[in-house]
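The values are calculated or read from the model by the stated rules, or taken from the named source; none is laboratory data. In this text, all values refer to a predicted model and were calculated from it rather than measured experimentally. Here the Cβ positions follow ideal geometry from the backbone for every residue, glycine too, while neighbour counts run over all protein chains shown. The accessibility values were calculated without ligands, DNA or RNA, using every heavy atom of the protein model including side chains. Shrake-Rupley method; radii C 1.70, N 1.55, O 1.52, S 1.80 Å.
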Amino acid sequence: MFESIIAYLESIDPVLAALYATLFTWFLTALGASVVFFFKTMNRLALDGMLGFTGGVMVAASYWSLLAPAIEMSHGEGFQKVFPAAFGFILGAFFLFGLDKILPHLHINFKETEGVKTPWQKTTLLVLAITLHNIPEGLAVGVLFGGVAAGVPEASIAGAVVLAIGIGIQNFPEGIAVSMPLRRMGMSRKKSFMYGQSSALVEPIAGVVGAFAVTFFTPILPYALAFAAGAMIFVVVEEVIPETQQANNTDIATLGFIGGFVVMMTLDVALG
């Protein structure tokens, strides 16, 4: 089945393939959000384990799918070879840092708000938080497909598909993490689901933008890959990991992180 998917995506325009791949990652977010139709609450231990898994997938994807190819495709030796990856990584982290300080949003624990002060409701702020964190995920998939379109040897459809699968897997608990708190606050199942799935709608947009950008400006590919990696690592360290420590479930969150890292690493090496 994996080979059939690769063959099909190789036969169509890579930008269109990026759209399809990021629609898949959105779909798994929606699938996670749909859990709200069956449960009103979720065990905090299970949620922390899933969020830890999410962090592990994102960290592994940042290296195996983004940073390593960025370094490999850079020219020169020594510092010259690593500069695009290092510079792009820093830019990505500071980009998310800037958005984090400017865009009003609410952490998953419903206690900490960041960004400029606003009268917006907590539900809107929570969705904005998850939306903010989905930007680098969609961008990461898009720039890989854009590299394929530009004919960069180090970029492959298989690698881009594996990254989309990994991000899709970790999007499932993210959908739960948005919809469940809203349901617990008394919002209807339908509205909780709609808010939960809408948080990932930014991924297809970011994916197409990333693919287009790399297609027209091929030299930026290593910078773009590292940019997405830096943004993803910022999200993990600033939001995902701290959130797993709120209820003293450190052990299960750590094991979840390790499991997520191993799953993503295995997928990338075995299939990518």
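Residues in region 19-27: is at least one over 20 Å from Ala200 (Cβ atoms) and either within 22 Å of the chain's Cα centre (by Cα) or open to solvent by 10 Å² or more (accessible area, probe 1.4 Å) (or both)? The answer is no; no qualifying residue exists.
For first residues located in region 72-90 and surrounded by fewer than 15 Cβ atoms within 10 Å (Cβ to Cβ), partners that are among the polar types (S, T, N, Q) and lie 6+ apart or on another chain with Cβ distances below 9 Å form the pairs Gln80/Ser74. Of the helices (runs of 4 or more DSSP H) lying entirely inside region 143-222, not one contains at least 2 residues that are closer than 23 Å to Ala270 by Cα, of a type in the set (Phe, Trp, Tyr) and within 19 Å of the chain's Cα centre (by Cα). Kindly indicate the residue of region 210-237 that is surrounded by fewer than 18 Cβ atoms within 10 Å (Cβ to Cβ) and among the β-branched types (Val, Ile, Thr) and also modelled with the highest pLDDT among those meeting that condition. Filtering region 210-237 for residues that are surrounded by fewer than 18 Cβ atoms within 10 Å (Cβ to Cβ) and among the β-branched types (Val, Ile, Thr), the one modelled with the highest pLDDT comes out as Val237.
Comparison of Gly196, Gly186, Gly151 shows that the only residue that is open to solvent by less than 10 Å² (accessible area, probe 1.4 Å) and of a type outside the set (A, V, I, L, M, F, W, C) is Gly196.
In region 246-272, which residues are free of Cβ contacts under 8 Å to residues at least 60 places away in the same chain and either surrounded by 14 or more Cβ atoms within 10 Å (Cβ to Cβ) or within 18 Å of Leu66 (Cβ to Cβ) (or both)?
Taking region 246-272 as the starting set, the residues that turn out to be free of Cβ contacts under 8 Å to residues at least 60 places away in the same chain are 248, 250-251, 266, 270.
Within region 246-272, Thr266, Ala270 qualify.
Could you tell me whether any residue of region 102-115 is in a helix (DSSP H, G or I) and either at pLDDT 85 or above or surrounded by fewer than 23 Cβ atoms within 10 Å (Cβ to Cβ) (or both)? Looking through region 102-115, at least one residue is in a helix (DSSP H, G or I) and either at pLDDT 85 or above or surrounded by fewer than 23 Cβ atoms within 10 Å (Cβ to Cβ) (or both).
Per the conditions (1) without any contact (Cβ under 8 Å) to a residue 24 or more places away in the chain; (2) closer than 23 Å to Lys40 by Cα; (3) not basic (Lys, Arg), the sole criterion not satisfied by Phe216 is (2).
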